[in-house]
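*Asks:* One structure coming up, written as C-alpha cells, with questions to follow.
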Amino acid sequence: MTQSRSSEGHTGSALTGLLDTDAIRKDFPILQRVLHDGKPLIYLDNAATSQKPRQVLEALNAYYERYNANVHRGVHVLAEEATALYEGARDKVAAFVNAPSRDEVIFTKNASESLNLVANMLGWADEPYRVDADAEIVITEMEHHSNIVPWQLLSQRTGAKLKWFGLTDEGRLDLSNIDELITEKTKIVSFTLVSNLMGTINPVETIVRKAQSVGALVLIDASQAAPHMVLDVQALEADFVAFTGHKMLAPTGIGVLWGRQELLEDLPPFLGGGEMIETVTMGSSTYAPAPHKFEAGTPPIAQAVGLGAAIDYLSNIGMEKIAAHEHAITEYAVERLLEVPELRIIGPRTAVDRGAAISFVLGDIHPHDVGQVLDEQGIAVRVGHHCARPVCLRYGIPATTRASFYLYSTPAEVDALIAGLHHVRNFFG
Amino acid sequence: MKLDSMYQEIILDHYRNPHGKGLRDGDAEVHHVNPTCGDEITLRVRLDGAVVADVSYESQGCSISQASASVLNDLVVGKTVGEGQVIQEAFLELMQSKGQGEGDEEVLEDAVAFAGVSKYPARVKCALLSWMAWKDATAKALAEQPAIND
C-alpha cells in the first residue's frame, strides 16, 4: 500500500487481492443509481442486505415467465419443471456448504426462521435432545436478536437456564470461563460465526470441541459468513448451520437451515401443513422424511431458484477470491477509519479474524446524524443498534454507524466514506 | 442543500445547548424509546394546578430528538395543560405533513424549524419522541389530580 493519506482517491489501486470490480459492478443495475444532486450511490450496507446481480433477477423473471407452478404436486409439465428447479436449488445449496446429503438442506424464509425452527425442535423433542427445566442453553453477548430471543422464549417456556459468553474490550468472545458456561447440563450452544455489528470472526473450533466434550448440540448462525467466505458445514463440525439468502445476492424470503441427517430424522416437526406429511387421517398423521418434514406449506419457490442463481454467481467468482477481496478492502478501511479524529471502532481494530462489517462511533455525534449527512452524499450506511443491542450496552453506547462491504465494494468507496466522515465532523463541529 | 432544511441553525443550537435538560421533581414520569434507533427519553412533568410547572428529562439520541426535547421544554413550561396540548397537536400535525406544512409560528415559535424534518420519514419519530412522552406523562399527572379543570 502507498503511504500517502493526505487526500482521497489515490491509494486503493495498490491493494492486492482485489476482484475486477469494474466488471462485477456492471452486473448490478442498482449500483448505477445516482442520488440527490448527482451523487453516485455508494452502497455500504451489505451486512443488512446485499444488492442483486442481473443473473439473479433474470432467473426470477424466467421462473415466473416460463415455469411457475406449485411444487411436488402436479403431474403437468410446469409442475415438474418447477419442482426440478426448486430441488435443483437445494442441490446447489448442498454443494455450496459441502453438505454430505442434499436432504440435510431445509429451506426457510430467512435465518431467523431457521434459528427459531431449531429452538422449537429442541423444545418439543424427546430425550436426549429435549430442552427442559434441567437443561442449559449457551449463546453469546454478540448475537443478533434472532439468536437471542428464540432462546429466551424457549427458556421461559421450559425453565431451562440461558447462559452466554461475554465480550472482551477488543470485541472478541471472552472464552476464559468456557468451562463454567458449557457443562454437562448444556443441551445446545448457539453462536454466530461472524458478528453482524462488529465483524468479529469467532473461534468455532474451540467452542465446538468443548460442546462435543459434554454432548451438547451446536448451532452456528452463518448469516454474515455464507455471503463472504467458504462455508463448509463438515469442517465446522456443527450440528446445525443457519443462514439467509438476501445477504448473499439472492432475493428476500429464502433462508436455509442445514442439519445433520440423523438429527433431522429424530427431531419433531415444528410447523404442520401440506408437504410435510406422509399420511393424514382425522386422528393423526405421519410425516415425510427430512427436509420436507420441516417445510410445511407451499415454499418460497422463486426465491429458492433465485438463491440457486446467486450461488452460481458467487461460485463462478469463487468464495476464496471474494474473501480475499473483502479482506483487502477491510484492512484498508480499518486503517483509514482510524485516521479520522475522534473515531472509535467498536470491535476488532485490525483486519485479522474479522469480516467486512465495521461499526464505529464518531465523537459524540449520534449515528443517526452521521448516517443522515452521509446519505446526503450518496453514501448508504446502517445506523442504530443493528439488532444486537446487548453489544451496544456492553460498550456503553446507544448505537453505532456501520459500514459493510461486499464483492463489488471498491477502495474508492472507502475513500468516499472517509471524506464523508470528515464532512460530518465539519457539519456538527 | 437539502440537508440544511432539516438541520436548521435553531435546531443545532438547541442540540448543542439543550434547555431544561436533567431530571427534577415531577408528578409523573415516563420512559419512551425509539426501538429502531435506540433513542431514549425519561421525562417528568410537574403540574401546579392547571399549569405545567416543569418538564424535566434525561435523554440520549440524535440531534433532532435532543433539540426537539429542548424546544418542548421552552414551549410548554409555564403554559396551561390545555395550551400545551394545542401546541403538541400543532407540532404533531407539522411532523405528519410530509414536507408540506410550514407551521404556525404564533403557536410553535422555534418548533417551526422542524418543518424540514417532516420530509424524512425515518426522522419524524425522532422529533416526536419527547412530545409523545410529554403527552403521556401529562395524562398520567392529570389522572392523579382528577379535580384539575383547565
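*Asks:* Amide H of residue B:54 versus every other amide H placed in the peptide plane: which residues, excluding those fewer than 5 positions away on the same chain, fall under 5 Å?
*Replies:* Distant-sequence amide H within range of residue B:54: B:46.
*Asks:* What list of ³J(HN,Hα) couplings, whole Hz, do you get for region A:91-99 from phi and the Karplus terms 6.51, -1.76, 1.60, once you set θ to phi - 60° and write x for glycine and proline?
*Replies:* My calculation for region A:91-99 gives 4, 5, 5, 4, 5, 4, 9, 6, 6 Hz in order.
*Asks:* Whole-Hz ³J(HN,Hα) for each residue in region A:42-51, computed from phi via Karplus 6.51 cos²θ - 1.76 cosθ + 1.60 with θ = phi - 60°, x for glycine and proline: what do you get?
*Replies:* 10, 8, 10, 10, 6, 6, 7, 7, 8, 7
*Asks:* Can you tell me how region A:56-315 classifies by the Cα gyration tensor, rounded, prolate or oblate, using a/c under 1.5 as the rounded cut?
*Replies:* Working: a/c = 2.35, a/b = 1.42, b/c = 1.66.
The shape class here is oblate.
*Asks:* Would you please put A:268-275, A:214-221 in order of how densely packed they are, using the mean number of other Cβ atoms within 10 angstrom per residue and starting with the highest? Don't skip to the answer; put the middle values down first.
*Replies:* Values: A:268-275: 15.1, A:214-221: 22.2.
Answer by packing, highest mean first, reads A:214-221, A:268-275.
*Asks:* Using +1 at the C-beta of Lys and Arg and -1 at the C-beta of Asp and Glu, which of A:57, A:152, A:86 has the Cα lying farthest in the positive direction of the dipole of region A:56-315?
*Replies:* The residue sitting most towards the positive pole is A:57.
*Asks:* Quick one: check the C-alpha center-to-center distance for region A:133-149 versus region B:32-107, whole angstrom.
*Replies:* Here the two parts' Cα centres lie 38 Å apart.
*Asks:* Among B:66, B:118, B:38, whose Cα sits farthest toward the positive end of the charge dipole of chain B (+1 at Cβ of Lys/Arg, -1 at Cβ of Asp/Glu, about the Cα centre)?
*Replies:* About the Cα centre, the residue reaching furthest to the positive side is B:38.
*Asks:* If you don't mind, there's one more thing I want to ask. State whether the protein assembly as shown is rounded, prolate or oblate according to the following rule on the C-alpha gyration tensor (a ≥ b ≥ c being the square roots of its eigenvalues): a/c under 1.5 gives rounded; otherwise a/b larger than b/c gives prolate, and the remaining case gives oblate. Don't skip to the answer; put the middle values down first.
*Replies:* Details: a/c = 1.80, a/b = 1.44, b/c = 1.25.
In terms of gyration-tensor shape, prolate.
*Asks:* Starting from the amide H of residue A:163, placed 1.01 Å from N in the peptide plane, find each other amide H under 5 Å away whose residue is 5 or more places distant or on another chain.
*Replies:* The list, which skips near neighbours in sequence, is A:137, A:138, A:139.
*Asks:* In addition: Full extension from residue A:62 to residue A:237: what is 0.36 nm times the residue separation minus their Cα-Cα distance, to one decimal in nm? Could you put the intermediate results ahead of the total?
*Replies:* Details: separation 175, 0.36 × 175 = 63.00 nm, distance 3.71 nm.
Taking 0.36 nm per residue and subtracting the Cα distance, the gain is 59.3 nm.
*Asks:* Please give the length that would be gained between residue A:102 and residue A:265 if that part of the chain were fully extended, namely 0.36 nm times their separation in residues minus their C-alpha to C-alpha distance (nm, one decimal).
*Replies:* Working: separation 163, 0.36 × 163 = 58.68 nm, distance 1.38 nm.
Working it through step by step, the gained length comes to 57.3 nm.
*Asks:* Need one number: % antiparallel among DSSP beta bridges in chain A, to the nearest 5. Write out the running numbers ahead of the final one.
*Replies:* Working: 29 of 48 bridges.
In chain A, DSSP labels about 60 percent of beta bridges as antiparallel.
*Asks:* Stretch residue A:84-residue A:145 to full length: gain in nm at 0.36 nm per residue minus the Cα-Cα span? Write out the running numbers ahead of the final one.
*Replies:* Working: separation 61, 0.36 × 61 = 21.96 nm, distance 3.51 nm.
Roughly 18.4 nm would be gained on extension.
*Asks:* Whenever you get a sec, line up A:369, A:179 from highest to lowest accessible area (probe 1.4 Å, protein heavy atoms).
*Replies:* Numbers: A:369 0, A:179 95 Å².
So, going from the largest accessible area down, we get A:179, A:369.
*Asks:* Right, here's the next one. Expressed as an acute angle from 0 to 90° and rounded to the nearest 10, what is the orientation of the C-alpha long axis of helix B:121-143 relative to the principal long axis of chain B?
*Replies:* 10 degrees
*Asks:* Could you tell me which trypsin sites (Lys or Arg not before Pro) in region A:154-231 are loop residues by DSSP with no more than 15 other beta carbons within 10 angstrom of their beta carbon?
*Replies:* Filter output for region A:154-231: A:185.
*Asks:* Right, next: Could you state the number of Å between the C-alpha centres of region A:381-429 and region A:286-348?
*Replies:* That distance is 19 Å.
*Asks:* Next question. Enumerate the calculated ³J(HN,Hα) couplings along region B:72-77 in order (Karplus 6.51 cos²θ - 1.76 cosθ + 1.60, θ = phi - 60°), each rounded to whole Hz, writing x wherever the residue is Gly or Pro.
*Replies:* For region B:72-77, the Karplus-derived couplings read 4, 4, 4, 7, 9, 5 Hz, x marking Gly and Pro.
*Asks:* Sticking with this one: Quick one: order A:387, B:37 from most to least accessible surface, probe 1.4 Å. Could you put the intermediate results ahead of the total?
*Replies:* On the way: A:387 45, B:37 0 Å².
Correct descending sequence by accessible area is A:387, B:37.
*Asks:* Just counting partner chain Cβ atoms within 10 Å, what average do the residues of peptide B:52-64 show around their Cβ?
*Replies:* For this peptide, the per-residue mean of nearby foreign Cβ atoms is 2.
*Asks:* Something else about it: Using the Cα centre of region A:56-315 as the reference point, and only Cβ charges (+1 on K/R, -1 on D/E), how large is the resulting charge dipole? Debye, rounded to the nearest 20. Don't skip to the answer; put the middle values down first.
*Replies:* On the way: 18 positive and 34 negative charges, 80 e Å.
Computed about the Cα centre, the dipole is about 380 debye.
*Asks:* Under 5 Å between amide H atoms, partner at least 5 residues away or on a different chain: which partners does residue A:218 have, H built in plane at 1.01 Å?
*Replies:* Distant-sequence amide H within range of residue A:218: A:189, A:239, A:240.
*Asks:* Continuing with the same structure: Using only helices, what value at 222 nm comes out for chain A when you add -39,500 (n - 2.57) per DSSP H run of length 4 or more and divide by the total residues, to the nearest 500 deg cm²/dmol? Write out the running numbers ahead of the final one.
*Replies:* Numbers: 14 runs with 154 residues, N = 429.
Here the helix-only value at 222 nm equals -11000 deg cm²/dmol.
*Asks:* What does the charge dipole of region A:308-429 about its Cα centre add up to, to the nearest 20 debye, if the Cβ of each Lys and Arg holds +1 and the Cβ of each Asp and Glu holds -1? If you can, show how the numbers build up before the last one.
*Replies:* Values: 10 positive and 14 negative charges, 85 e Å.
Dipole size: approximately 400 debye.
*Asks:* For a quick check, take a GNM of chain A with Cα springs below 10 Å and name the residue from A:164, A:258, A:124 with the largest mean-square fluctuation.
*Replies:* A:124
*Asks:* If you count, for every residue in A:363-376, the Cβ atoms of partner chains within 10 Å of its Cβ, what is the mean? Don't skip to the end; give the middle numbers.
*Replies:* Working: counts 0, 0, 2, 12, 3, 13, 11, 1, 3, 10, 3, 0, 3, 6.
Across the residues of A:363-376, the mean count of other-chain Cβ atoms within 10 Å is 5.
*Asks:* I need the shape label for chain B. Rule: rounded when a/c is under 1.5, else prolate if a/b > b/c, else oblate, with a, b, c from the alpha carbon gyration tensor.
*Replies:* Details: a/c = 1.91, a/b = 1.52, b/c = 1.25.
It comes out prolate by the Cα gyration axes.
*Asks:* In percent, how large is the relative contact order of region B:10-150, given Cα pairs closer than 8 Å and 6 or more residues apart? Please report the intermediate quantities before stating the final value.
*Replies:* Numbers: 266 pairs, mean separation 39.1, N = 141.
Result for region B:10-150 is 28 percent.
The values are calculated or read from the model by the stated rules, or taken from the named source; none is laboratory data. Treat the numbers as computed from the prediction; the structure is a model and nothing was measured. Because the Cβ atoms are built from the backbone with ideal geometry, glycine has one as well, and the counts that use them run over all protein chains shown. These accessible areas exclude ligands, DNA and RNA; they are computed on the full protein's heavy atoms, side chains included. Shrake-Rupley method; radii C 1.70, N 1.55, O 1.52, S 1.80 Å.
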